[in-house]
Ligand SMILES: NC(=O)c1ccc[n+]([C@@H]2O[C@H](COP(=O)([O-])OP(=O)(O)OC[C@H]3O[C@@H](n4cnc5c(N)ncnc54)[C@H](O)[C@@H]3O)[C@@H](O)[C@H]2O)c1
Ligand SMILES: [Zn+2]
């Protein structure tokens, strides 16, 4: 079993990684919440159907609450529903919420835990690759508004995170792809290993490596003042692709990027970021090639979908809240991956054209 500590104050916590890690749940609960008498397990139907929930033992009395699936369910109504169920069950300040699911479940259950009684403890059993290497670690919780994603939330760290790689055996293929896109990102964030080495490791070590990088960055910058921005590597174009996909879908237009899952959009975003860095003379062609090799090695597409317009993509990037109102990108360079402000729009447009977008 791999253990990674997320060193945030005042209460550092542990991420437990490995095949069968779910069996540690009772021990973890006893350790992090010795006073707890009741746990509310918040989960989704696929986890019940795959019999993972039946195998979970928190070691104390528990109730199961099932939330709906998909981004539409990530809203304040779901939070209200959860908190009302908590009251009904008699959940006290000393008790515990246990999120069992992907990033959506930990975002929602974590925010409910952050709000209920002004904050009670929660533990996450992360069951998607994306949640294990990213979403479950770092304490960002929250929900969407009709106006945009993740607009309401709280920084509320879990008391522990369990990443059981065996549970990933029931994960649908596209959810794997989604997680691998995020994993490809970490290949360029870790300092200790050459970028392509991550491809060669077995799944447990890959998850542990990525969880370790995420934990380090979060411990360094809990509230996203600076360094945490590097976790958005590949995400500026990815968010633009997702935004345009959403607009297409809402307008009933034939979809250009609407079919991309988040991690698939990140994979394309990584290639774009590499080309942009090269066009700004930050890296050379070999380093761009390495990005292609890693993204391709994780079995992900490296090309923009056809029919995209470069100016439209840049507009979408400027609207992205993470872009800080100017064209800021997270880019590879001589000191590794860092935020770069004030990138000229002309170079961005030219790079998008190089990837096949129309002007
Ligand atoms: N808080 C953060 O730092 C952070 C970071 C990245 C993403 N996120 C959020 O995470 C969400 C996406 O998370 P996700 O990609 O994990 O998707 P998800 O949580 O929506 O899960 C995808 C689907 O897989 C199912 N599923 C989960 N585990 C399964 C398993 N082991 N077997 C079978 N089916 C399973 C789920 O029920 C769901 O239908 C988004 O809402 C995103 O905003 C948060
Ligand atoms: Zn992401």
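Would you check which residues across the stretch 259-280 are within 16 Å of ligand 1 (Cβ to nearest atom) and in a loop (DSSP other than H, G, I, E, B) and list them? Before you say what the answer is, go through the steps one by one.
Our first condition is that a residue be within 16 Å of ligand 1 (Cβ to nearest atom); within the stretch 259-280, this holds for 259-267, 269-270.
259, 260, 261 - these are the residues of the stretch 259-280 that are within 16 Å of ligand 1 (Cβ to nearest atom) and in a loop (DSSP other than H, G, I, E, B).
Tell me which residues, restricted to the stretch 123-157, are away from ligand 2 (no atom under 14 Å from the Cβ), without any contact (Cβ under 8 Å) to a residue 40 or more places away in the chain and crowded, with 18+ Cβ neighbours inside 10 Å. Quick ask: steps written out before the conclusion?
In the first step, residues of the stretch 123-157 are kept if they are away from ligand 2 (no atom under 14 Å from the Cβ); the result is 123-127, 139, 141-148, 151-157.
When the remaining residues are screened for being without any contact (Cβ under 8 Å) to a residue 40 or more places away in the chain, the result is 124, 126, 141-142, 146-147, 151.
Scanning the stretch 123-157 gives 124, 126, 141, 142.
If you scan the stretch 108-122, which residues turn out to be surrounded by 24 or more Cβ atoms within 10 Å (Cβ to Cβ) and assigned to a helix (DSSP H, G or I)?
108, 109, 110, 111, 112, 113
Could you list all residues from the stretch 186-195 that are in contact with a helix residue (DSSP H, G or I) (Cβ under 6 Å, 6 or more places away or on another chain) and in contact (Cβ under 8 Å) with a residue 40 or more places away in the chain? It would help to see each step written out before you state the result.
Of all residues in the stretch 186-195, those in contact with a helix residue (DSSP H, G or I) (Cβ under 6 Å, 6 or more places away or on another chain) come to 186-187, 189-190, 195.
Once the filter is applied, which keeps residues that are in contact with a helix residue (DSSP H, G or I) (Cβ under 6 Å, 6 or more places away or on another chain) and in contact (Cβ under 8 Å) with a residue 40 or more places away in the chain, the stretch 186-195 yields 186, 187, 189, 195.
Among the residues of the stretch 171-205, count how many are in a helix (DSSP H, G or I), surrounded by 18 or more Cβ atoms within 10 Å (Cβ to Cβ) and away from ligand 1 (no atom under 16 Å from the Cβ).
1
So which of 4, 32 ends up being closer than 19 Å to residue 117 by Cα and at pLDDT 95 or above? Outline the logic, then answer.
On the way: 4 fails: closer than 19 Å to residue 117 by Cα.
Exactly one residue qualifies, and that residue is 32.
Report the residue count in the stretch 123-153 for those that are outside any loop (DSSP other than H, G, I, E, B) and more than 11 Å from ligand 1 (Cβ to nearest atom).
Of the residues in the stretch 123-153, the ones outside any loop (DSSP other than H, G, I, E, B) are 123-126, 129-135, 140-145, 148-153.
Next cut, more than 11 Å from ligand 1 (Cβ to nearest atom) only: 123, 145, 148, 151-152.
Looking only at that region, the number is 5.
I'd like the full set of residues that are more than 15 Å from residue 55 (Cα to Cα) and either out of contact with any strand residue (DSSP E or B) (no Cβ under 9 Å at 6 or more places or on another chain) or assigned to a helix (DSSP H, G or I) (or both), limited to the stretch 21-38.
Taking the stretch 21-38 as the starting set, the residues that turn out to be more than 15 Å from residue 55 (Cα to Cα) are 28-38.
Selection gives 28, 29, 30, 31, 32, 34, 35.
Touching a helix residue (DSSP H, G or I) at 6+ places or on another chain (Cβ under 8 Å), in a helix (DSSP H, G or I), outside the structural domain of residue 44 (by TED's automatic domain parsing) and away from ligand 1 (no atom under 14 Å from the Cβ): does that describe residue 237?
Numbers: touching a helix residue (DSSP H, G or I) at 6+ places or on another chain (Cβ under 8 Å): yes; in a helix (DSSP H, G or I): yes; outside the structural domain of residue 44 (by TED's automatic domain parsing): yes; away from ligand 1 (no atom under 14 Å from the Cβ): yes.
So residue 237 fits the description; yes.
Please find, among 27, 49, the residue that is free of Cβ contacts under 8 Å to residues at least 24 places away in the same chain and assigned by TED's automatic domain parsing to the domain that holds residue 91. Spell out how you get there, then give the answer.
Values: 27 fails: free of Cβ contacts under 8 Å to residues at least 24 places away in the same chain.
The unique qualifying residue is 49.
When you go through 181, 138, 148, 142 one by one, which is the residue that is modelled with pLDDT under 95 and in contact with a helix residue (DSSP H, G or I) (Cβ under 9 Å, 6 or more places away or on another chain)? Steps first, answer last, please.
Values: 181 fails: modelled with pLDDT under 95; 138 fails: modelled with pLDDT under 95; 142 fails: modelled with pLDDT under 95.
Selected residue: 148, the only one of 181, 138, 148, 142 that is modelled with pLDDT under 95 and in contact with a helix residue (DSSP H, G or I) (Cβ under 9 Å, 6 or more places away or on another chain).
With the requirement that a residue be closer than 25 Å to residue 187 by Cβ and part of a helix (DSSP H, G or I), what does the stretch 310-359 give you?
313, 317, 322, 323, 347, 348, 351, 352, 354
Taking into account only those residues within the stretch 283-307 that are surrounded by fewer than 19 Cβ atoms within 10 Å (Cβ to Cβ), outside any helix (DSSP H, G or I) and on the phi < 0 side of the Ramachandran plot, which is farthest from the chain's Cα centre (by Cα)?
So, considering only residues that are surrounded by fewer than 19 Cβ atoms within 10 Å (Cβ to Cβ), outside any helix (DSSP H, G or I) and on the phi < 0 side of the Ramachandran plot, the one farthest from the chain's Cα centre (by Cα) is 284.
If I filter the stretch 92-102 down to residues being surrounded by fewer than 24 Cβ atoms within 10 Å (Cβ to Cβ) and more than 18 Å from residue 31 (Cβ to Cβ), which single residue comes out as nearest to ligand 2 (Cβ to nearest atom)?
Among those that are surrounded by fewer than 24 Cβ atoms within 10 Å (Cβ to Cβ) and more than 18 Å from residue 31 (Cβ to Cβ), it is 93.
Yes or no: residue 292 touching a residue at least 12 places away in the same chain (Cβ under 8 Å) and farther than 17 Å from residue 184 by Cα? Steps first, answer last, please.
Working: touching a residue at least 12 places away in the same chain (Cβ under 8 Å): yes; farther than 17 Å from residue 184 by Cα: no.
Criteria not met by residue 292.
Could you list, in sequence order, the residues of the stretch 281-313 that are closer than 15 Å to residue 343 by Cβ and touching a helix residue (DSSP H, G or I) at 6+ places or on another chain (Cβ under 6 Å)? Please lay out each step first, then the result.
Step one: of the stretch 281-313, the residues closer than 15 Å to residue 343 by Cβ are 281-283, 310, 313.
Scanning the stretch 281-313 gives 283, 310, 313.
The values are calculated or read from the model by the stated rules, or taken from the named source; none is laboratory data. In this text the structure is predicted, and so the values were computed from the model without any measurement. All Cβ positions, glycine included, derive from the backbone under ideal geometry; neighbour counts span all protein chains shown.
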